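The values are calculated or read from the model by the stated rules, or taken from the named source; none is laboratory data. Since the model is a prediction, treat every value here as computed from it, not as a measurement. Ideal geometry is used to build each Cβ from the backbone, glycine not excepted, and the neighbour counts take in all protein chains shown.
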There are 2 protein chains.
Amino acid sequence: SKSTGQRVPPPVVHYHLNNLTTSTTPIENRESVLILSPLARFYPDYWENLLKLSYPHELISLGFIIPKTREGNAATSALQAAVANTQSGPESKRFASVTIIRQDFEPPINSQNEAERHKFENQKNRRAAMARARNSLLFTTLGPTTSWVLWLDADIVETPPTLLQDLASHDKPIIVPNCYQRYVNTATKKPDIRPYDYNSWQDSATADQLAEKMGNDEIIVEGYAQMPTYRTLMAHIADTAANRDQTKAIPLDGVGGTALLVKADVHRDGAMFPPFPFYHLIETEGFAKMARRLGWSAWGLPNYFVYHYNE
Amino acid sequence: SKSTGQRVPPPVVHYHLNNLTTSTTPIENRESVLILSPLARFYPDYWENLLKLSYPHELISLGFIIPKTREGNAATSALQAAVANTQSGPESKRFASVTIIRQDFEPPINSQNEAERHKFENQKNRRAAMARARNSLLFTTLGPTTSWVLWLDADIVETPPTLLQDLASHDKPIIVPNCYQRYVNTATKKPDIRPYDYNSWQDSATADQLAEKMGNDEIIVEGYAQMPTYRTLMAHIADTAANRDQTKAIPLDGVGGTALLVKADVHRDGAMFPPFPFYHLIETEGFAKMARRLGWSAWGLPNYFVYHYNE
Ligand SMILES: Nc1nc2c(ncn2[C@@H]2O[C@H](COP(=O)(O)OP(=O)(O)O)[C@@H](O)[C@H]2O)c(=O)[nH]1
Ligand SMILES: Nc1nc2c(ncn2[C@@H]2O[C@H](COP(=O)(O)OP(=O)(O)O)[C@@H](O)[C@H]2O)c(=O)[nH]1
Ligand SMILES: [Mn+2]
Ligand SMILES: [Mn+2]
């Protein structure tokens, strides 16, 4: 009873979801951001870029899911060292919390090189496994105080430091920058950029007709010559000029997950990453469709770039 | 900076989901259970029954979602008083943690009497709103250490004290007892029991054919004369004899949510409560279908009873 109690009676934690804002001025409103990264390999440049984000780190929580493989073990050690370093370094760089989850199912493909990953036949299983990883991470880390979720692949090595503020300023339920890749152009021998992620698109009549003729369990994946969809790919409509309008936003029907800002309420409503074909879409593309079914919309920023690691 | 740091650097929390068990001996394995209740009204008998659960309370976390209405405000006050009382009472009765969330959307029907709730036309909107409430609660409270989720409606006023152990002993991904209601039989003038929840069922060819002819956005709901489905309803195949086999388990295609034990990994995989028609099913029935699409199965215990409040 009261006086003999040794355990401290846990407090009742009472949250008003309706007092949580997701605004165009998230810093002023002290809005919490959860950055979620599925991670198979640790890239120091990814971590360096994360550290440079100018959103107050005390409002940022990090969550990682790492496969329980040999490569995953190495990535976990490297990540833990980076975290320990940051969390004992300058206060302004420390994050509010860091959760690392080890994944309890096998990744379907052992080889992780880009060519093997992108083979058409491998896409369905691979993306279903990625969807399950994203769901595990999301369901396990989203808390009552989270306003925003930023999905950020662990191989995104360069973004503007104002990424969170810039994306939030559009006040969209779901918003995705254009994911490009730096490379050396063999023709010009100069540094150049090229599209990387083809999963952000606007629907086409052709893709709709494709879907209608498909069996229930078939999926449409983007970026394969075997299956021309005639969708409008955000990757292809970028303006790369220096004086481009980086704030231009377009509505999207499918989104990629390399960098993706989501109002936490969209996930709370039930929007997850379907590991099964959902209107013939899967993972992040299926997520956009599911969010739409729940009444939310997805948007893309064709002229605002983030950069994927180049193997 | 190390030495001048005033904030304690937050630890890295590292979880191995694959070390989390969901076993037939959950107490011995110290498995954490999250009991989730959408709550529109507070019934003291619900709380009394919860207190009587013989599963170690220190392994049980509670989560509630309460609509932000006048009735919800009253329910919140009553719940908070009960929680405060329990958490300052005998240690063995205290729960590990309690989270109360206030829902930020309007419940679609203001009247909460049983007849109004159950009107056929009201079912789709009402159950979509319930699905969103369940998802909000789930996404917000499921943590990295949760092994099991028990969904328990706030008007379930009587269960065996061994409910958790009994359900877990079957080692099923999803398992649901038979939800009945006590009443006074007007014919015999004696206390009697009758079925309450009709959402646990096995599919029928008729329901399948109904579904095939339906528009994409139509749903099948159970228990309405307008739409005979010829499904096998668990409510109707109960053996109520004193010497019945309470451990009898049958496979189910749809489940109700009045009392429902789910391995947390089923939710982590992405199984939620679709607020939109999913294979013409919605909310808990849609959940069972979605879990099936993810490779999990649902089971029912026709002869194991829990009791719904009788208005
Ligand atoms: N947890 C987990 N993460 C993975 C797995 N495979 C890839 N990743 C990570 O998920 C993200 C996307 O995967 P990636 O292979 O880069 O996809 P791609 O760039 O679209 O070909 C990256 O951050 C990877 O490190 C996996 O099996 N499990
Ligand atoms: N959060 C929330 N809970 C609700 C709402 N409506 C009902 N509930 C609760 O959800 C559970 C199921 O609802 P109830 O009306 O009893 O459903 P029925 O018994 O199937 O008719 C009960 O625990 C209710 O207290 C709502 O709008 N929001
Ligand atoms: Mn990548
Ligand atoms: Mn009820």
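The conditions are (1) in contact with a helix residue (DSSP H, G or I) (Cβ under 7 Å, 6 or more places away or on another chain); (2) within 26 Å of A:Gln181 (Cα to Cα), and A:Trp296 fails exactly one of them. Which is it?
(2)
Select from the range A:286-300 the residues that are in a loop (DSSP other than H, G, I, E, B) and of a type in the set (Gly, Ala, Ser) and list them in ascending order. Show your work before the answer.
In the first step, residues of the range A:286-300 are kept if they are in a loop (DSSP other than H, G, I, E, B); the result is A:294-297.
A:Gly295, A:Ser297, listed by residue number.
Test of understanding: among B:Asn216, B:Asn199, which residue is among the polar types (S, T, N, Q) and within 28 Å of B:His170 (Cα to Cα)?
B:Asn199 is the lone residue from the list that is among the polar types (S, T, N, Q) and within 28 Å of B:His170 (Cα to Cα).
Just checking, how many residues over the range A:64-94 are farther than 15 Å from A:Ala154 by Cα and either under 21 Å from the mean Cα position of the chain (by Cα) or surrounded by 14 or more Cβ atoms within 10 Å (Cβ to Cβ) (or both)?
9
Out of all the residues in the range A:236-273, which are closer than 22 Å to A:Ala154 by Cβ and in contact (Cβ under 8 Å) with a residue 60 or more places away in the chain?
A:Val255, A:Gly256, A:Gly257, A:Thr258, A:Ala259, A:Leu260, A:Leu261, A:Val262, A:Ala264, A:His267, A:Met272, A:Phe273 - these are the residues of the range A:236-273 that are closer than 22 Å to A:Ala154 by Cβ and in contact (Cβ under 8 Å) with a residue 60 or more places away in the chain.
Among the residues of the range A:53-85, which ones are closer than 25 Å to A:Asn29 by Cβ and assigned to a helix (DSSP H, G or I)?
Matches in the range A:53-85: A:His57, A:Glu58, A:Leu59.
Go through the range B:101-173 and tell me which helices (runs of 4 or more DSSP H), entirely inside it, have 3 or more residues that are modelled with pLDDT under 95 and within 8 Å of ligand 2 (Cβ to nearest atom).
Values: elements: B:114-118, B:120-141, B:163-168.
Because the criterion is at least 3 residues that are modelled with pLDDT under 95 and within 8 Å of ligand 2 (Cβ to nearest atom), the helices (runs of 4 or more DSSP H) in the range B:101-173 that meet it are B:114-118.
Examine the range B:71-79 for a residue that is under 27 Å from A:Thr140 (Cβ atoms), at the interface with another protein chain (Cβ under 10 Å from one of its Cβ atoms) and in contact with a helix residue (DSSP H, G or I) (Cβ under 7 Å, 6 or more places away or on another chain), and state whether such a residue exists.
no
So if I check each of B:Asn303, B:Asn243, which one is surrounded by fewer than 21 Cβ atoms within 10 Å (Cβ to Cβ), part of a strand (DSSP E or B) and out of contact with any Phe, Trp or Tyr (no Cβ under 8 Å at 6 or more places or on another chain)? I'd like the intermediate steps shown before the answer.
Details: B:Asn243 fails: part of a strand (DSSP E or B).
The match here is B:Asn303.
Provide a single number: the residues in the range B:222-240 that are out of contact with any strand residue (DSSP E or B) (no Cβ under 9 Å at 6 or more places or on another chain) and surrounded by 18 or more Cβ atoms within 10 Å (Cβ to Cβ).
Number satisfying all stated conditions: 0.
Looking at the range B:177-200, which of the residues that are free of Cβ contacts under 8 Å to residues at least 60 places away in the same chain and not in a loop (DSSP other than H, G, I, E, B) is surrounded by the most Cβ atoms within 10 Å (Cβ to Cβ)?
B:Pro195
Criterion first (at pLDDT 95 or above and farther than 21 Å from B:Asn310 by Cα) does B:Glu58 satisfy it? Spell out the reasoning first.
On the way: at pLDDT 95 or above: yes; farther than 21 Å from B:Asn310 by Cα: yes.
Yes.
For the list (1) more than 20 Å from A:Pro144 (Cβ to Cβ); (2) among the hydroxyl-bearing types (Ser, Thr, Tyr); (3) away from every other protein chain (no Cβ under 11 Å), I need the number of the one condition that B:Thr86 fails.
Failing condition for B:Thr86: (3).
Is there a residue being away from chain A (no Cβ under 12 Å) and under 17 Å from A:Arg268 (Cα atoms) anywhere in the range B:263-282?
No, the range B:263-282 contains no residue that is away from chain A (no Cβ under 12 Å) and under 17 Å from A:Arg268 (Cα atoms).
Based on this model, can you work out whether B:Leu50 counts as over 22 Å from A:His16 (Cα atoms) and either within 16 Å of ligand 1 (Cβ to nearest atom) or aliphatic (A, V, I, L, M) (or both)?
Criteria met by B:Leu50.
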